[in-house]
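The values are calculated or read from the model by the stated rules, or taken from the named source; none is laboratory data. Keep in mind that what you see is a predicted model, and the values were worked out from it rather than measured. Note that each Cβ is placed from the backbone with ideal geometry, even for glycine, and that neighbours are counted across all protein chains shown.
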Amino acid sequence: MNNLGNKISYFRKSKGYTVKELANNLCDESTLYKLEQGKHIPRLDVLNDICLKLEVPFKALFPLNEEVEYLKNLCRESIYNEDYLLLEITLDECNEVLDQLSSIYAKDVFRKFIQWHRAIMLEKKDHRALDALHILNSLVNINNCGSELDMGIHNSIGLIHLSMNNNDAAYKIYRVIHKKIKNNKIVEDLTIFPRIGYNYAHTLYNIEDYHEALDIINEILYYLETHQSMYSLGKTYHMKGLLSIKCGLITEAIEDFENAILLFTLTNEKKNLLKTQEDLAEIVETII
């Protein structure tokens, strides 16, 4: 994303704008600053407005492969933020870019990515879990799952099984893909290990294998610390607190919940914050 930021900075300076002047009526000044530093993924509408103000075509910011990666990241961010309207708009843009790809392999991979996210939207927005499951199962095979893309799709299949309380089916999937992602030496998407690990731990929690789940959560926390990432850090500490209770580690559970509360406060995740505060109050009440 830093190339995108560098290009916006270049075109901004070419037009003689300061960061404040370009950001005026488009976005916060701090948002534009982070974008130019490669620390923020902008919404498509904001990026389009920036192009209009700078009087440069949208395509000037992206070689085709960069645009594909940008759109993929925007899809991931939309799902994380549960912004399915933005996801739908982004997927329409993905289809336009798909038609421009010349490589048959790149086209097939990107098409699979789009179908995957269409299925996610079908399940999350339209509440058609079985239809989404049918599409996802047609895209992958657990017996030859090797790519990050395939593991991401299997992760979504596992989540649907979890939402339907089909813990056995979820366990069979997560046991395989968790092992595979742990053995991957080169990982492009740094969120995939914590995502799969968290959902595997959730599955193990449901089937009451608490100690194994706690080991996995500790692996995730170490991974996030090593990569200096805050991705789902609050949720991970909250899950660790729940597992610590089940393992009889009450002092650790209180500390885990306090860490989660701090993180949810910083990230303004009000629903998760309230749930964690309730869990903390409940455990404190039992030891008074």
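Per-structure values
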read-out	value
Residue list for region 20-41, filter: closer than 14 Å to ASN6 by Cβ and out of contact with any His (no Cβ under 6 Å at 6 or more places or on another chain)	LEU32, TYR33, LEU35, GLU36, GLN37, GLY38, LYS39, HIS40
Residues of region 226-247 classified as part of a helix (DSSP H, G or I) and at pLDDT 95 or above, total	14
Positions within region 18-38 being in contact (Cβ under 8 Å) with a residue 24 or more places away in the chain and not aliphatic (A, V, I, L, M), in sequence order	GLU36, GLN37, GLY38
Residue selected from region 29-54 under the condition outside any helix (DSSP H, G or I), in contact with a helix residue (DSSP H, G or I) (Cβ under 7 Å, 6 or more places away or on another chain) and not hydrophobic (A, V, I, L, M, F, W, C), by the criterion modelled with the highest pLDDT	GLN37
So ILE135, is it at pLDDT 95 or above, of a type in the set (Val, Ile, Thr) and over 12 Å from VAL68 (Cβ atoms)	yes
In region 118-151, the residues that are under 20 Å from the mean Cα position of the chain (by Cα), among the small types (Gly, Ala, Ser) and within 20 Å of VAL176 (Cα to Cα)	GLY146, SER147
Some residue of region 60-75 being over 30 Å from SER14 (Cα atoms) and touching a helix residue (DSSP H, G or I) at 6+ places or on another chain (Cβ under 9 Å)	yes
Candidate set from region 160-194 (those that are part of a helix (DSSP H, G or I) and out of contact with any helix residue (DSSP H, G or I) (no Cβ under 9 Å at 6 or more places or on another chain)); member that is surrounded by the fewest Cβ atoms within 10 Å (Cβ to Cβ)	ASN183
LEU221 vs. criteria touching a residue at least 24 places away in the same chain (Cβ under 8 Å), within 27 Å of ILE181 (Cβ to Cβ) and assigned to a helix (DSSP H, G or I)	no
Every pair of residues 6+ apart whose Cβ atoms lie under 7 Å, when the first sits in region 113-137 and is over 19 Å from ALA170 (Cα atoms) while the second is not in a helix (DSSP H, G or I) and not aliphatic (A, V, I, L, M)	LEU122/ARG128
Qualifying residue in region 248-260 (condition: touching a Leu at 6+ places or on another chain (Cβ under 6 Å) and either in a loop (DSSP other than H, G, I, E, B) or surrounded by 16 or more Cβ atoms within 10 Å (Cβ to Cβ) (or both))	yes
All positions within region 114-131 that are more than 20 Å from GLU77 (Cβ to Cβ) and assigned to a helix (DSSP H, G or I)	ALA129, LEU130, ASP131
Test: residue in region 139-151 that is closer than 17 Å to ARG76 by Cβ, in contact with an Asp or Glu (Cβ under 6 Å, 6 or more places away or on another chain), among the charged types (D, E, K, R) and not in a helix (DSSP H, G or I)	no
Test: residue in region 75-93 that is over 30 Å from ILE196 (Cα atoms), surrounded by fewer than 19 Cβ atoms within 10 Å (Cβ to Cβ) and at pLDDT below 90	no
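So that you can scan it fast, the table gives a plain yes or no per residue for (1) in contact with a Ser or Thr (Cβ under 9 Å, 6 or more places away or on another chain); (2) crowded, with 18+ Cβ neighbours inside 10 Å:
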{"site": "ILE8", "(1), (2)": "no, yes"}
{"site": "SER14", "(1), (2)": "no, no"}
{"site": "ASN25", "(1), (2)": "no, no"}
{"site": "LEU44", "(1), (2)": "yes, no"}
{"site": "ASN48", "(1), (2)": "no, no"}
